[in-house]
Every structure is written in structure tokens, then in C-alpha cells.
1. To the nearest 20 debye, what is the magnitude of the charge dipole of segment 298-380 about its Cα centre, counting +1 on the Cβ of each Lys and Arg and -1 on the Cβ of each Asp and Glu?
2. How large is the accessible surface of Glu132 in square angstrom, using a 1.4 angstrom probe and rounding to the nearest 10?
3. Name the residues whose placed amide hydrogens come within less than 5 Å of the amide hydrogen of Trp231, ignoring near sequence neighbours (fewer than 5 apart) on the same chain.
4. Report in % the part of the accessible area of segment 32-123 that belongs to carbon and sulfur, leaving out ligands and nucleic acids; probe 1.4 Å.
5. Based on the mean of other beta carbon atoms within 10 Å per residue, what is the order of 343-350, 170-177, most packed first?
6. Can you tell which of Thr330, Gly159, Ala362 lies farthest toward the positive end of the dipole of the chain, using +1 and -1 charges on the Cβ of basic and acidic side chains (Lys, Arg; Asp, Glu)?
7. May I ask you to derive the relative contact order of the chain, considering only C-alpha pairs under 8 Å and at least 6 residues apart, and to give it as an integer percent?
8. Over the chain, with a single point scatterer placed on each C-alpha, what log10 of the ratio I(q)/I(0) does the Debye formula yield at q = 0.06, 0.07, 0.14 1/Å?
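The values are calculated or read from the model by the stated rules, or taken from the named source; none is laboratory data. Keep in mind that what you see is a predicted model, and the values were worked out from it rather than measured. Counting neighbours? That spans all protein chains shown, and the Cβs are built from the backbone with ideal geometry, glycine included. Please note that ligands, DNA and RNA were not included when accessible areas were found on the heavy atoms of the full protein model with its side chains. Shrake-Rupley method; radii C 1.70, N 1.55, O 1.52, S 1.80 Å.
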Amino acid sequence: MATTDRPAKAGLAVTPPMGWNSWNRFRCYELNEDVVVQTADAMVASGMRDAGYDYLVVDDCWQAHRRDGSGRLQSHPRRFASGMAALGEEIHARGLKFGMYLAPGRKTCAMIYDRYHGEALGSFGHEQEDLETLAGWGVDYLKYDWCRANRGGTGLSEGEAFRRMAEAIGRSDRPMVYSISEYGRTKPWTWAPEVAHLWRTTGDIAANWRSVMRIADRQHALAPFAGPGGWNDPDMLEVGNAGLSGIESRSHFMMWAMLAAPLMAGNDLRTMDEPTRQVLTNPGVLAISQDPLGRQGSRTARHRSFDVWHRDLADGTAVGILNRTNRAITARVAGGWLTTARGTRLARLGEGARNAWTGRPAPDGELTFSAHEMHLFRVRAA
Ligand code: GLA
């Protein structure tokens, strides 16, 4: 599939977008402009921005409960008292890009699932107007979220809803990364590459290992549909959020890098601990995520306790081995192979493989996997 040459989207999301989104940690009512500006500061101070996380996305619940007298969306008068244009300036002043959230039907998802009070906050019938409102605020990235947009007599289908907004973006002169989410309902990978830069493939992630693995296991056949300019989106990161151990956060991050997934951090960057920062900014894993070839990896084999993942890179291959079990297991590296303790071959590493996490040469001899731990290697082209 030709995923590279799409004029309307040219030059954006050439590698999987990276940034931060408010939803996973702050959800609806904890979101406010102080959190956003402090997060922007933390993105700079923590080294996240310099590691490539450049989009700061304000998710649902930024809105006032109703539109203004001329039908324009406005920001919540208390939580975003300074207004979104001012917020956009704060974000841009820190060398970051500004992302915002809209929904195509009559309601946003928080109106449905979080009892957010509001009237006509969805963009149905207001597509161009809402897009221009955001463009006027300096928005660089739009997350457009289905939220049962076919209800309330709109008659919208997913394809139609997301195309309408793509057209509105096309008519505006402000370039925007376009992130769509209909949770994989209509196999968006089959049509969204022509429409959007990223498309969700599943329902919402939660901060627990089961959720991470349930989503990871569903990405299996989707690799051929991704490429520069258009990415499968297995949802935002839960790295560093309560509910995942340090090891689980790291494995989650490595799998998302192997999947060429957008890397939208979803933790509280203002209070993040050093191990979490090291996961999110690890140069070896990020180099795999952002590899210029832009080919998505996938799980290539399953053994009793281990999953084996491969991703083609511009100059070799990334190989990930995940211990799915709840106990530690010792494996071995010998003769260019990673094997079980009993010698069953799991993955070929060849000569000169490096541990992507540490940057050091792959070990020779025993290699211990903690529960849910992934080891990631960078293997040279043969
Ligand atoms: C849906 C999306 C989430 C988030 C919320 C906001 O659940 O999948 O990522 O945007 O809506 O209400």
C-alpha cells in the first residue's frame, strides 16, 4: 500500500508522533490550564521535548458547557480561564506543539462516560467552524474521537465523520496532525491511511498489564497498513501510571516502539520519578520507534513462556523477547542465538547484536527475564 505520498498530509507524522496527552492521568475534572502549563515546563526540564516528544495534547473536558452566542466552542471558564489561544502561546513558547480534542457527533465521550455536563459540544454541523476555531488558537494536532457520533439523528458513519473533518483540515491553511479514534470498530487501517495520520485500533487502554497485553495481542495483523504519514494507534502510553510495575512500564514502552505506535505519554510529568523518565527517554528504544524506514513490527512467534517480536529497521532488525509469565525465567545467549535454558531456540541475534536498552553488546551466557520483562536487541543486517 502506498502510504507515503499523500499531498494533504505531506510532511507530517513521517515517523510515529510523540508527545503527551492529558487523558490517561488527568481524565476530565482534574484537567486545567495550570496542569497543562506545568506539564509543558516538565516536558522541557525532563528532557522529553529534546528526546522528541513535541506534541502536548489537551484531551476532552477543556470545553465550557455551551457554545458562545455565535455558535463557537469556548474553553471552560474556570479551569481554562485564560483561554485556549493564550494556552497555545504558552505551549509554543516552550518549543512544543499544541494538540486539542473534538468529537464528530453531538456529544464528546466525557459527556457520555464521565457525566460531563454540556450542550452540543460535538462538532456535528460545526466541522469547519470548530476546526477554524482551533486553528485560530494555534492548534497543530487534532484528536477526533467517535463517541457514538451516529446517535442523536446524525446519520453519520465512521468513514463519513472522519472524512468530513479531514476535508475541513484540508481547507484550512494550518497544517495539523490528524488523530482519529473509532476504537477499531470499522477496521480503520483499511481506509484511514487516506484520511488521517493515526487511527486507534482498539478500545481504551487502562493502567494494568492485562489491558496492555490485550491491546498488544490485537495488533498482530495490522503491520502492513502502517508507514510514514499513517500509523496504527494502539492507544496512549500508561508508562509511569499507578497499576503498572517499573518492568511492565518498560515492556509496554518497548512493545509500542516495536509497533511503530504513536508515543503519547500519559503520566504526570510534573512528579515523574527517575526510572519512568529513563524509560520514556531511552535513546535506544526511541531510535527503534522512530526508525526512518517506518515499518511496523509484530509478534513473530510464541513459545510457552515467551513471545518473540521483530521489526525491520533501516539498517537491521529489532528483536524483542517478552516473558509473558508471572515468574522470573533464565534464558541463554550463545552462538548468536537466544535460547531457553534447555536450548530451545527463541530468536537469532547473530554477531554484533546490541541490547537496545543499555546500548551495550548483547550478553553471552545467562540472561534473566523478570516477570513481564522484555529484552530488546538491535541486530545488524546480515
Ligand atoms: C474516549 C477516548 C479516550 C479519551 C476519552 C475522552 O474514551 O478513547 O482516549 O479521549 O474518550 O472523553
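1. Using only the charged Cβ atoms, the result is roughly 240 debye.
2. So the heavy atoms of Glu132 present about 80 Å² to solvent.
3. Correct list: Leu198, Trp199.
4. Numbers: 1670 of 3680 Å².
Here carbon and sulfur together make up 45 percent of the probe-accessible area.
5. Packing proxy ranking, top to bottom: 343-350, 170-177.
6. Projecting each Cα onto the dipole axis, the largest value belongs to Thr330.
7. 15
8. Calculated log10 I(q)/I(0) at the listed q: -0.23, -0.31, -1.16.
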